[in-house]
There are 2 protein chains.
Amino acid sequence: MELPAELETFVVHFGEMGSRWGFNRTVGQMLAVIVFTEEPVNADQIANMLSISRGNVSMGLKELQSWQLIRVHHKPGDRKDYFKPAGSIWELALQVLSERRKREVDPTLSLLRSQLMNDHNDERHYANEKVREIHDLLELFNTWFDDIHRMNPESLKTLMKLGSGVGKVLDIKEKISRKK
Amino acid sequence: MELPAELETFVVHFGEMGSRWGFNRTVGQMLAVIVFTEEPVNADQIANMLSISRGNVSMGLKELQSWQLIRVHHKPGDRKDYFKPAGSIWELALQVLSERRKREVDPTLSLLRSQLMNDHNDERHYANEKVREIHDLLELFNTWFDDIHRMNPESLKTLMKLGSGVGKVLDIKEKISRKK
DNA sequence: GTGAATTTTCAGAAATTATTGAAAATTGTA
DNA sequence: TACAATTTTCAATAATTTCTGAAAATTCAC
């Protein structure tokens, strides 16, 4: 199976962006192939389309599975593993955010938490103040994100479209309470 | 100036996380030093505290400035440049998100946009459907984020604390309109 | 304008990360 | 169980990224 010409642009781009999204060039390209190809693809097809080694494909697939972005699919009478996206584009995006939070926020939060546990948590120290501030911010972000993540996609879309609308409501509410 | 012992943990951690946050180990460590130190610090102090070369510090500072995370500060009678955070923790966090959107979302969005411009935008093709879906998702995310970013920190905090509260309101609203 | 203080640049070196491909392990079928 | 198909592993190598430090550029006080 050859890489279809109309996919080339996206494969190249997803490759370039890959490292910014948290994986590497090859893994990004593999994701592009899997997302933009209607039929599930197998490892040999991916290796051929991207001209990379079979071993590299194997590692990349493991990575994409650890991100829960792809799923195995079996075809009757074929022992090969075929891969397809683990959900809709919307679900994949949420999944990427979720994994990134796990990798980018959670470790820091747990360090800050343990730091605040230590009783020598001297509030006079500037650094301790900052630790507290970052901790509270990340904690707020995390609970907010959990909330959001639990919402069904349609409500979430509606909420996002509302955007500053919600903000305006809150601003008005605030102005009123300040006048009291 | 020596690296204060109580900062060591954070410097090491910010270093490890650096690459996940979009810069490299050294730049992460430099950010930690600047954020956790009350007094503005100069390039030589950073180089000494982190035991890295003066040239490396210069490049790192440029990077942090390109992210708009730090600002120059001048002391009277001292020609050296001193550096301090460009804002509160909250503002720095928003700034990181903002820069990352610029680097991680905008390039993809502009590719997808140009792809949809091309008239051979054949809706029968599976790949084109996906292009459209990703485009719409990123567009929605971008306008939402712009909205959010314009809000004042206090309203934003309130909104985040509300979290699923807003979601519940929307869910109820939806259930009602479905019954009609 | 001169020159010392300071910052920036960048070629080469070091460190890190990604890739290959052959061997080992696993899986499924007969 | 035997064996062929398939996947995974991992040591060696290749590619990329980061770092150093000396030289060049800039800045500013006199």
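Go ahead and set up a Gaussian network model of chain B, Cα springs under 10 Å, then flag whichever of B:40, B:85, B:76 fluctuates most.
With Cα springs under 10 Å in chain B, the top fluctuation among B:40, B:85, B:76 is at B:76.
Starting from the Kirkwood radius over alpha-carbon pairs of the protein assembly as shown, derive D by Stokes-Einstein at 20 °C in a medium of 1.002 mPa s and give it in µm² s⁻¹.
Estimated via Stokes-Einstein, D reaches 92 µm²/s.
Applying the Karplus parametrisation 6.51 cos²θ - 1.76 cosθ + 1.60 with θ = phi - 60° to the phi angles of region A:140-157, what ³J(HN,Hα) value in whole Hz is obtained for each residue in order, glycine and proline being reported as x?
Couplings: 4, 4, 5, 5, 4, 5, 4, 4, 4, 5, 7, 5, 6, x, 5, 4, 4, 4 Hz.
Between residue B:125 and residue B:162, what is 0.36 nm times their sequence separation minus the Cα-Cα distance? Round to one decimal in nm.
Result: 9.2 nm gained on full extension.
Helix-only mean residue ellipticity at 222 nm, chain A, DSSP H runs n ≥ 4 weighted -39,500 (n - 2.57), per residue, nearest 500. What is it?
Roughly -23000 deg cm²/dmol at 222 nm, from the helical runs in chain A.
Of the heavy-atom accessible surface of the protein assembly as shown (probe 1.4 angstrom), what whole percent is carbon and sulfur?
It is 52 percent, rounded to a whole number.
For region A:105-165, compute Rh as the Kirkwood radius over C-alpha pairs and then the Stokes-Einstein diffusion coefficient at 20 °C and 1.002 mPa s; write the answer in µm²/s, rounded to an integer.
158 µm²/s
Who wins for biggest fluctuation among B:34, B:148, B:70 in a Gaussian network model of chain B, springs between alpha carbons below 10 Å?
B:148
At most 15 other Cβ atoms within 10 Å and a DSSP loop assignment: could you name the GluC sites (Glu not before Pro) in region A:1-54 that fit?
For GluC sites (Glu not before Pro) across region A:1-54 that sit outside H, G, I, E and B with at most 15 neighbouring Cβ atoms in 10 Å, the list reads A:2, A:38.
With a 1.4 Å probe, what is the total accessible area buried between chains A and B, in Å² rounded to the nearest 100? Intermediate values should be presented prior to the final figure.
Working: alone 12300 and 12290 Å², together 19750 Å².
Using a 1.4 Å probe, the pair buries roughly 4800 Å².
Sketch the reach of a paramagnetic label on residue B:78 as a point 7 Å from Cα along Cα-to-Cβ, and name the residues of region B:1-31 whose backbone nitrogen lies under 20 Å away.
Hits in region B:1-31 for residue B:78 at 20 Å: B:1-5, B:7, B:30-31.
Dividing the convex hull volume of the Cα atoms of region B:1-65 by its residue count, what figure in Å³ per residue is obtained? Show your work: numbers first, answer last.
On the way: hull volume 4.7 nm³, N = 65.
Cα convex hull per residue, to the nearest whole number: 72 Å³.
Determine the relative contact order of chain A: mean sequence separation of Cα pairs under 8 Å and six or more apart, normalised by residue count, in whole percent.
It comes to 13 percent, rounded to a whole number.
How far, in degrees from 0 to 90, does helix B:54-66 lean away from the longest principal axis of the Cα atoms of chain B, to the nearest 10?
Taking the Cα atoms of chain B, the angle to B:54-66 is about 30 degrees.
Using a label point 7 Å beyond Cα on the Cα-Cβ vector, give me the inter-copy distances for residue B:118 in nanometres, one decimal, shortest first.
Listed shortest first, these distances are 5.6 nm.
Can you list, shortest first in nanometers, how far residue A:52 lies from the same residue in the other copies, with each label 7 Å from Cα toward Cβ?
The answer, with the shortest distance listed first, is 2.8 nm.
What's the magnitude of the charge dipole for region A:36-154 around its Cα centre, counting Lys and Arg as +1 and Asp and Glu as -1 at the beta-carbon? Answer in Debye, nearest 20.
Taking the Cα centre of region A:36-154 as origin, the dipole is about 600 debye.
How tilted is helix A:5-21 with respect to the longest principal axis of chain A? Cα atoms for both, answer in degrees (0 to 90, nearest 10).
40 degrees
Which of A:49, A:117, A:30 ends up with the largest GNM mean-square fluctuation for chain A, with Cα atoms connected below 10 Å?
Result for chain A, Cα springs under 10 Å: A:117 fluctuates most.
Can you give me the long-range amide H partners of residue B:41? Hydrogens built in the peptide plane at 1.01 Å from N, cutoff under 5 Å, separation of 5 or more residues or another chain.
B:83
Output ³J(HN,Hα) for region A:73-83: one whole-Hz value per residue in order, computed from phi by the Karplus curve 6.51 cos²θ - 1.76 cosθ + 1.60 with θ = phi - 60°, and x for Gly and Pro.
Coupling constants for region A:73-83: 9, 10, 9, x, x, 9, 7, 5, 8, 10, 10 Hz.
Run the quick spin-label model on residue A:110 and residue A:152: label points 7 Å from Cα toward the beta carbon, then report their separation in nm to one decimal.
That separation, rounded to one decimal, is 3.4 nm.
What is the P(r) of region A:69-122, as percent of Cα-Cα pairs per 5 Å bin from 0?
So the P(r) values, bin by bin, are 5, 16, 13, 12, 11, 10, 10, 7, 6, 5, 3, 2, 1, 0.
Against the longest alpha carbon principal axis of chain B, how many degrees, from 0 to 90 and to the nearest 10, is the axis of helix B:89-104 turned?
Approximately 60 degrees, to the nearest ten.
For chain B, what is the Kirkwood estimate of the hydrodynamic radius, computed as the reciprocal of the mean inverse distance between distinct Cα atoms, to one decimal in Å?
Result for chain B stands at 19.8 Å.
The values are calculated or read from the model by the stated rules, or taken from the named source; none is laboratory data. As the structure is a computational prediction, the values presented were derived from the model and not from experiment. Ideal geometry is used to build each Cβ from the backbone, glycine not excepted, and the neighbour counts take in all protein chains shown. These accessible areas exclude ligands, DNA and RNA; they are computed on the full protein's heavy atoms, side chains included. Shrake-Rupley method; radii C 1.70, N 1.55, O 1.52, S 1.80 Å.
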